[in-house]
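Reviewing the structure listed below.
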Amino acid sequence: MSTTAKVTARERIDALLDDNSFVEIGGLVKARSTDFNIQAKDTPSDGVITGYGVINGKLVYVYSQDSSVLGGSVGEMHARKIANLYDMAMKMGAPVIGLIDSTGLRLQESVDGLNAFGQIYMKQSFASGVIPQISAIFGNCGGGLSVVAGLSDFTFMESEKAQLFVNSPNAIEGNRKEVCDSSSAQFQSAAAGNVDFVGTEQEIIEGVREIISIIPSNNEDEAADFECDDDLNRAAAGIENCNEDTVLALENISDGGFIVEVKKNFAPEMVTAFIKLNGATVGAVANR
């Protein structure tokens, strides 16, 4: 089961997508390797559920790792399913969302497992700047899998039990997890700046849906304009009192006070955010 509140991989997909919109791809795929007696273990979907659906009417492709199957580890067929998903997303010009909960590389598959990671990295590199890539970390995201999160455009992380690391905090000389947990959401968001959004599992799901709703689906698309009943020419009353915190100023000028701050915990002297002006999504950068 999942390392966070025993939520299954399929339940996460159901919570993320619009009701009854998910179409699974590769549901009958299982591990191909026979080394180390893997064939004696049941590997449904080879530890990752892949498919497509819609979020507020927008097409998205999603994969969700199942930690109840060999710890959600990444093997040959696991990675092929994700790589295939990227091919379809690139063809359709739609975002890819990864729901991560995995022990990392499947050591039993040796070089096939290493090649599997390379296939995912290659697809992510080809997709960079073409379609949005979002990673949401709910459990372990360690070793080579941390690169997958690093290559994403936006990274979400569950605040209590999720872990993001290349090496364990205990592998650092003179450090212990109890002293400085460099794999925690707090460290990765505030000190390292590798994570854009931190929250509970439900907040992460809501945050991913919100981001998908306000950004374009691909590099040739435009973000959807929302109906706006906030007068674009209204006076921003009290904006002169916002000079100490520009987040307040951005809320003041944005439609209905809408604002999504990115990397909120990292380098708080600089604000980076999305706001809405007359229904259109606008990026904002401001000194605090």
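The values are calculated or read from the model by the stated rules, or taken from the named source; none is laboratory data. The shown structure was predicted, so the numbers you read here are calculated from the model rather than taken from an experiment. In this analysis, Cβ positions are derived from the backbone assuming ideal geometry, glycine residues included, and neighbour counts consider all displayed protein chains. Ligands, DNA and RNA are stripped out before the accessible areas are found, and what is left, the full protein with its side chains, is counted by its heavy atoms. Shrake-Rupley method; radii C 1.70, N 1.55, O 1.52, S 1.80 Å.
Numerical summary
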{"quantity": "Sum of side-chain charges, ILE215 neighbourhood, beta-carbon under 14 Å (Lys, Arg +1; Asp, Glu -1)", "calculated": "-4"}
{"quantity": "Å² per residue, accessible surface of the chain at 1.4 Å", "calculated": "48"}
{"quantity": "Three-way shape call for region 225-288 based on the alpha-carbon gyration tensor, with the a/c threshold at 1.5", "calculated": "oblate"}
{"quantity": "Within the accessible area of the chain (1.4 Å probe), percent carbon and sulfur", "calculated": "51"}
{"quantity": "Computed E for ILE172/LEU277 - FRET, C-beta separation, R0 51 angstrom, nearest 0.05", "calculated": "0.70"}
{"quantity": "Check: the chain dipole with +1 on Lys, Arg Cβ and -1 on Asp, Glu Cβ, in debye", "calculated": "1160"}
{"quantity": "Förster-model FRET efficiency, 45 Å R0, ASP14 and ALA267, C-beta, rounded to 0.05", "calculated": "0.80"}
{"quantity": "Total formal charge among the other residues, if their Cβ is under 13 angstrom from that of MET122, Lys/Arg +1 and Asp/Glu -1", "calculated": "+1"}
{"quantity": "Amide H within-cut-off set for ASN56, under 5 Å, with H built and near neighbours excluded", "calculated": "ASP18"}
{"quantity": "Members of LYS161/LYS264; LYS58/LYS123; LYS81/LYS263 lying beyond 24 Å, as alpha-carbon distances in this model show", "calculated": "LYS81/LYS263"}
